[in-house]
Ligand code: S3P
């Protein structure tokens, strides 16, 4: 059944987390529209409320009563970050410069994801941090006076970079962070937009201590391109489809998926229309396409990692070989995504082999459909649901609810787009 229609996507998850966190550091109310209503962003709100912030949700509008330079109060309970890596990692940086004693916890998946990458630089800045479980949650953090550092990130992670930048706002001296490759830069763009003393030059970001509250701003969060990528992939794969996504974030650190699918032969047209809080925004039109395999350059990987499950699926329906390497970070996402991608697609008859840092796919292969082991990972569940559209049998997911981590209503939208 062809897919046809126009979609206004839920707000970008990464931008939503940051917009809510930074609104705490302004004076007075900030009203944010089209906030991502996924479980991850709700977890960020719950964590900030536990730290005394006044935050109200109404549909997809969030009002944050900013409290300027002294926003957070001592929480009396641990800060449960659920499944959300962005919540825990950014919140550790956000609170590190305040005299608070905080315990961070998370669900089973988050408790198996590495936190040392945040703990090491924050300790260097002066935060006192201990773990009961050698670099994993729960993490106990005692914040207070911080000092600037010059830090070379060992991995190009936006979460680590952002944690250091957020901590640096409260340090006594200047901080600089250098990334081996570019990664999503929403924190930098938003801070600049809100008047923070931050500069970006190449892959180095310099942050001076924040002397006054951030500028207040009300805005509409642009649509989530990582969520939209599932609908783009569906339109490319299902014959006679045409799907228009409106108001999507076109931040160049998030559009590698579009570049890669275009290189695979996809018909995708992008129109930039406006700018919101320093973020380019526009529309994306995708049409059914004949795809061919490619070798993905490893310098694209940091800006493509959330979309790599979809690249694997598309590659099964493309002629020739697609190779992904330099993607070892996939192993420490919400699940071990190399294993989850490869085992699920192999079960459906795809020719895909795991590598220590990626995978190789040979297409075209028909997909059988049927059973899916999601590992409770939202991106695996959505990728296999798109796969189900071109498989012989429909998909049978062991967990549909996990999609609500980033994209509540995904299946309803996919359903509405389908026409005879
Ligand atoms: C995110 C950064 C990425 C991404 C995650 C969200 C963010 O992770 O995979 O879904 O909002 O900063 P890393 O920065 O750890 O690579």
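State all residues of region 258-283 that are closer than 30 Å to residue 364 by Cα and not in a strand (DSSP E or B); if no residue qualifies, say none.
Going residue by residue through region 258-283, those that are closer than 30 Å to residue 364 by Cα are 258-270, 283.
The answer is 258, 259, 260, 261, 262, 263, 264, 265, 266.
Go through region 122-160 and give me each residue that's under 24 Å from residue 107 (Cβ atoms) and within 13 Å of the ligand (Cβ to nearest atom).
The answer is 155, 157, 158, 159, 160.
Kindly evaluate residue 167 against the criterion of being in a loop (DSSP other than H, G, I, E, B), crowded, with 21+ Cβ neighbours inside 10 Å and away from the ligand (no atom under 12 Å from the Cβ).
For residue 167, the condition - in a loop (DSSP other than H, G, I, E, B), crowded, with 21+ Cβ neighbours inside 10 Å and away from the ligand (no atom under 12 Å from the Cβ) - is not met.
If residue 122 satisfies all but one of (1) under 14 Å from residue 96 (Cα atoms); (2) touching a residue at least 40 places away in the same chain (Cβ under 8 Å); (3) surrounded by fewer than 23 Cβ atoms within 10 Å (Cβ to Cβ), what's the number of the condition it fails?
(3)
Residue-by-condition table, conditions (1) assigned to a strand (DSSP E or B); (2) outside the structural domain of residue 102 (by TED's automatic domain parsing); (3) within 13 Å of the ligand (Cβ to nearest atom):
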{"residue": "4", "(1), (2), (3)": "yes, yes, no"}
{"residue": "29", "(1), (2), (3)": "yes, no, no"}
{"residue": "32", "(1), (2), (3)": "yes, no, no"}
{"residue": "36", "(1), (2), (3)": "no, no, yes"}
{"residue": "42", "(1), (2), (3)": "no, no, no"}
{"residue": "46", "(1), (2), (3)": "no, no, no"}
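Just checking, does region 406-419 include any residue being under 23 Å from residue 256 (Cβ atoms), under 24 Å from the mean Cα position of the chain (by Cα) and outside any helix (DSSP H, G or I)?
Scanning region 406-419, I find at least one residue that is under 23 Å from residue 256 (Cβ atoms), under 24 Å from the mean Cα position of the chain (by Cα) and outside any helix (DSSP H, G or I), so the answer is yes.
So in region 184-203, with the set limited to residues that are more than 22 Å from residue 213 (Cβ to Cβ) and buried (at least 21 other Cβ atoms within 10 Å of the Cβ), which one is nearest to the ligand (Cβ to nearest atom)?
Restricting to residues being more than 22 Å from residue 213 (Cβ to Cβ) and buried (at least 21 other Cβ atoms within 10 Å of the Cβ), the top hit is 184.
So, in region 61-99, how many residues would count as being within 14 Å of residue 45 (Cβ to Cβ) and surrounded by fewer than 17 Cβ atoms within 10 Å (Cβ to Cβ)?
The total comes to 3.
Any idea which of (1) over 19 Å from residue 44 (Cβ atoms); (2) within 15 Å of the ligand (Cβ to nearest atom); (3) assigned to a loop (DSSP other than H, G, I, E, B) is the one residue 108 doesn't satisfy?
All conditions are met except number (2).
Name the residue, out of 277, 315, that is buried (at least 21 other Cβ atoms within 10 Å of the Cβ) and away from the ligand (no atom under 16 Å from the Cβ).
Of 277, 315, the one residue that is buried (at least 21 other Cβ atoms within 10 Å of the Cβ) and away from the ligand (no atom under 16 Å from the Cβ) is 315.
Any idea which of 100, 110, 77 is touching a residue at least 24 places away in the same chain (Cβ under 8 Å) and within 23 Å of residue 149 (Cα to Cα)?
Selected residue: 100, the only one of 100, 110, 77 that is touching a residue at least 24 places away in the same chain (Cβ under 8 Å) and within 23 Å of residue 149 (Cα to Cα).
If residue 97 satisfies all but one of (1) assigned to a loop (DSSP other than H, G, I, E, B); (2) out of contact with any strand residue (DSSP E or B) (no Cβ under 7 Å at 6 or more places or on another chain); (3) at pLDDT 95 or above, what's the number of the condition it fails?
The number of the failed condition is (2).
Has region 85-105 got at least one residue that is under 25 Å from residue 377 (Cβ atoms) and more than 14 Å from the ligand (Cβ to nearest atom)?
Looking for residues that are under 25 Å from residue 377 (Cβ atoms) and more than 14 Å from the ligand (Cβ to nearest atom), one finds at least one in region 85-105, hence yes.
Say whether the condition of being out of contact with any helix residue (DSSP H, G or I) (no Cβ under 9 Å at 6 or more places or on another chain), assigned by TED's automatic domain parsing to the domain that holds residue 318 and surrounded by fewer than 20 Cβ atoms within 10 Å (Cβ to Cβ) is met by at least one residue in region 345-358.
There is at least one residue in region 345-358 that is out of contact with any helix residue (DSSP H, G or I) (no Cβ under 9 Å at 6 or more places or on another chain), assigned by TED's automatic domain parsing to the domain that holds residue 318 and surrounded by fewer than 20 Cβ atoms within 10 Å (Cβ to Cβ).
Given the conditions (1) within 16 Å of the ligand (Cβ to nearest atom); (2) in contact with a strand residue (DSSP E or B) (Cβ under 7 Å, 6 or more places away or on another chain); (3) closer than 16 Å to residue 139 by Cα, which single one is not true for residue 78?
(1)
The values are calculated or read from the model by the stated rules, or taken from the named source; none is laboratory data. These numbers come from a predicted model, not from an experiment. Glycine gets a Cβ as well: all are built from the backbone with ideal geometry, and neighbour counts include every protein chain shown.
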